[in-house]
Amino acid sequence: MQIYLPIAEVAVNALTLIGLGGIVGLMSGLFGVGGGFLITPLLFFIGIPPAIAVATGANQVVASSFSGVLAHVKRKTVDFRMGWVLLAGGLVGSSAGVLLFNMLSRLGQVDLVVQLCYVIFLGLIGAMMLQESLRALHRSRRSGPIKPMRRHQHGWVHKWPMKMKFRASGLYISSIPVLMVGAAVGVLAAIMGVGGGFIMVPAMIYLLGMPTKVVIGTSLFQITFLSAYTTLMHAVSSNTVDVMLAVLLIVGGVTGAQIGTHLGARLRAEQLRILLALLVLAVCGKLALDLFLPPDELYSVTVGILR
């Protein structure tokens, strides 16, 4: 079932795109990530130009994240105040990231920069998550359940000014590090086409000290709005959003997110983190091979952006 994508200017199998959307939606509901870190490289692998994959992949992130966040709202596991502060920082970071993305497009370096960013960030995050998760799993098997982190112990996030109370998370911390985390995720969302959950979830747990039960829902809440804004910015500034591609990814993503949310409630936190870490490292390894091994064709004609 081949279908022609007008903006990407390639023909692909529609069922393949729906399947990719479903897999990424499953990851979104299961791990609390938007899934952009996975959908964008997968689009690279089936021949979608990187500039189109980054801008259009954010659409699928919106759909799968929104579907997932609805399930968490019903469970009351979303810290809305934390989500709005993260989003404020994210909008600023996303605007700066889109400007940088357009500059790299004009210089003809956007494909290389996007792929390098994926290899570096996925490699670092995957390795750290796997190490921490294996250590936690080993401790739980040796000495029983891991004692929960003391949420009210004071760290560096309590020493900065502009403190706010986040009741759902049980925190009274400075809003500055929250804005910084949001801004960093916004830049990544614009340049890499990701929701930023693979960065934000560890930051919310280990830097901000949020309890795990509200981290996934709050992350998806912020990712939904940030990815929608990033998609709009890309569409207006560089015309790199392929609507047909986005629709097919969304169809699979919404269904997969609901399934992932139900599965996530049945697995232990340590098991979830190990699975996510292995997935991140697998995608990183495939990208690194494609980036550093000599291509089959030394010269190729790719889609450019007309101005």
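The values are calculated or read from the model by the stated rules, or taken from the named source; none is laboratory data. Everything numeric here is computed off the predicted structure, so don't read it as measured data. Counting neighbours? That spans all protein chains shown, and the Cβs are built from the backbone with ideal geometry, glycine included. Keep in mind that these areas ignore ligands, DNA and RNA; they rest on the heavy atoms of the full protein, side chains included. Shrake-Rupley method; radii C 1.70, N 1.55, O 1.52, S 1.80 Å.
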In the full protein assembly as shown, how much of D290 is accessible to a 1.4 Å probe, in Å² to the nearest 10? 80
Near the amide H of K163, under 5 Å away, which other amide H atoms are found, from residues 5 or more places off or on another chain, if H is placed in the peptide plane? S175
Between Y172 and S95, what is the spin-label point distance in nm, taking each point 7 Å from the Cα along the Cα→C-beta axis? 3.3
Largest-first ranking of T16, T230 by accessible area, probe 1.4 Å, whole protein assembly kept, is T16, T230
Pull up all non-local amide H partners of L171: gap of 5 or more, or a different chain, and H-to-H distance under 5 Å with H placed in the peptide plane. F166
Whole-Å distance linking the alpha carbon centroid of the range 53-109 with that of the range 180-230 is 8
Using Cα-Cα distances under 8 Å and only pairs 6 or more residues apart, what relative contact order does the range 1-147 have, in percent? 16
Can you give the FRET efficiency to the nearest 0.05 for V247 and M128, using r as the Cβ-Cβ distance and R₀ = 30 Å? 0.25
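A 26 angstrom limit on the alpha carbon distance is what I want to check against. Which of K74/K165; K76/K286; K76/K165; K213/K286 exceed it?
Working: K74/K165 23 Å; K76/K286 38 Å; K76/K165 18 Å; K213/K286 32 Å.
Table pairs above 26 Å Cα-Cα are K76/K286; K213/K286.
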Full-stretch length increase - R141, Y4 - with 0.36 nm per residue and alpha-carbon distance subtracted: 44.1 nm
At 1.4 Å probe size, with every protein chain present, just tell me what the per residue accessible area of the range 187-256 comes to in Å². 30
